[in-house]
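The block underneath contains the structure these notes are about, expressed in C-alpha cells.
The values are calculated or read from the model by the stated rules, or taken from the named source; none is laboratory data. Everything quoted here is computed from the prediction, not taken from an experiment. Cβ sites come from the backbone with ideal geometry, for glycine too, and all protein chains shown count toward neighbours. When the accessible area is computed, the model is the full protein with side chains, heavy atoms only, and any ligands, DNA or RNA have been set aside. Shrake-Rupley method; radii C 1.70, N 1.55, O 1.52, S 1.80 Å.
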Amino acid sequence: MAGHNKWSKIKRQKAVTDSRRSKVWAVITRDIMVAAREGGKDPGLNARLALAIQKAKRENMPKDNIERAIKRGAGEIEGQDYRECVYEGYSAHGVAVMVDALTDNTNRTVADVRSIFAKNGGSLAKSGSVAYLFDRKGIIQIAAAGLDELELFELVVEAGAEDLEIDEGSFMVTTSIDSFDKVQAQLQDAGIDAEEARLVRIPVSTVELSEGQIRQTQMLIARLEDQQDVQEVFTNMVGDDYSGY
C-alpha cells in the first residue's frame, strides 16, 4: 500500500466548459450505450453502467438523455450501433500514443485519426506496434473520508484487486482487466461509492522531451481528444497531463 503520489502523474480531471459540453455529453452517451448493450440496463447489476450514469449526473446531463442512451444500448429503441476501437501511433518526437474510441463508422474515425496524426507531425502505426509499451489496468477512485484503509484493502484484495494507494484524499484501487468488474461489484455490495472507475493504459517506460516538444505533442493529443469519436488518449510522455484523465 504505497503512499507516494504517482497517480497524480497520470490523472487528469477534464473541466467541462460550455464549448466542450456537447463533446463530453457525447462521450458519456456512447459509454452508457455500450455499457447497457454489454451488461444490461440495470445499473444495480452492471457496474460499468452505474459509473457511466454517475458520471453523466456529475456533468449535469438531463435525465431524459441518460434514459434514452440506456434504452438505445439495450436495443429498446433504434440508434447507432457503436463499436470500441483502439488506434496506435507515434508523435513527431517518438512518444507512443494510444487512442480509445467508440464509433458507429470505423472508416470515418480511422481516417480522421490518421489525418490528425499526419497534420501534427505524427503517424498512425500498425496494431500491436505501440500497445506493448502500456499495461492495461483498471483504476477505481474512492473518497478516503470515513473509510478505514486496512478494511478497504482487505475488501478489494479479496475481490482480486492488485493494489490500494492513497492520493490527494482519495484511495486509488488498481485491478487487472479480469478483476475490474468484480472489484466494482464488491464495492457496490459494501455500499461504497466510487468517484471514478475506468480502464487506463499505464506506460511501462517513458519518453522525456524538451519543453517545445512537449507543447507540440500536447497539441497532437488535444486535436485527437477533440475528434468526436475519441474517448481517451494515453501517452508515455514524461509529465504528460493528457493521459486519459
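What does the convex hull of the alpha-carbon atoms of segment 66-111 project to on average, in nm²?
Working: hull surface 16.9 nm².
Hull-based average projected area comes out at 4.2 nm².
Cα atoms only: what Rg and Dmax, in Å, come out for segment 114-195?
Cα radius of gyration and Dmax of segment 114-195 are 17.3, 51 Å respectively.
Starting from the residue with the highest accessible area, list T235, T106 in decreasing order, probe 1.4 Å.
Working: T235 5, T106 50 Å².
Order by accessible area, largest first: T106, T235.
Greater than 20 Å separation of Cα atoms is the criterion. Which listed pairs, K137/K182; K71/K137; K57/K137; K23/K55, meet it? Intermediate results must be reported in sequence, preceding the final value.
Details: K137/K182 14 Å; K71/K137 29 Å; K57/K137 25 Å; K23/K55 14 Å.
Flagged as over cut-off: K71/K137; K57/K137.
Quote to one decimal, in nm, the extra length available between N60 and L199 on full extension: 0.36 nm per residue of separation minus the C-alpha distance between them. Kindly include the intermediate steps, with their values, before the conclusion.
Details: separation 139, 0.36 × 139 = 50.04 nm, distance 2.28 nm.
Answer, rounded to one decimal: 47.8 nm.
State, in angstrom, two size descriptors of segment 137-245 derived from its alpha carbons: Rg to one decimal place and Dmax to the nearest whole number.
16.3, 48
Highest first, please rank the peptides 116-126, 22-32 by the mean number of other Cβ atoms sitting within 10 Å of their residues. The partial results should precede the final answer.
Working: 116-126: 16.5, 22-32: 20.3.
Going by the mean number of other Cβ atoms within 10 Å, highest first, we get 22-32, 116-126.
In deg cm²/dmol, rounded to 500, what helix-only [θ] at 222 nm does the chain give when every DSSP H run of at least 4 residues adds -39500 (n - 2.57) and the total is split over its residues?
Values: 7 runs with 92 residues, N = 245.
Roughly -12000 deg cm²/dmol at 222 nm, from the helical runs in the chain.
So what are segment 101-155's ellipsoid semi-axes, whole angstrom, largest first, if each one is the square root of 5 times an eigenvalue of the alpha-carbon gyration tensor? Don't jump to the answer; show the numbers that get you there.
Numbers: eigenvalues 309, 42, 27 Å².
Values for segment 101-155, descending: 39, 15, 12 Å.
Please calculate how many Å² of accessible area segment 164-245 carries per residue, with a 1.4 Å probe and no DNA, RNA or ligand atoms counted. Please list the in-between numbers first.
Details: 3540 Å² over 82 residues.
Value for segment 164-245: 43 Å² per residue.
Before I look further, what does segment 38-103 give for accessible area per residue, probe 1.4 Å, in whole square angstrom?
Working: 3390 Å² over 66 residues.
I get 51 Å² per residue for this part.
If you roll a 1.4 angstrom probe over the protein chains with everything in place, what fraction of the accessible area of segment 129-245 belongs to carbon and sulfur, to the nearest %?
Numbers: 2430 of 5280 Å².
For segment 129-245, the apolar C and S fraction of the accessible surface comes to 46 percent.
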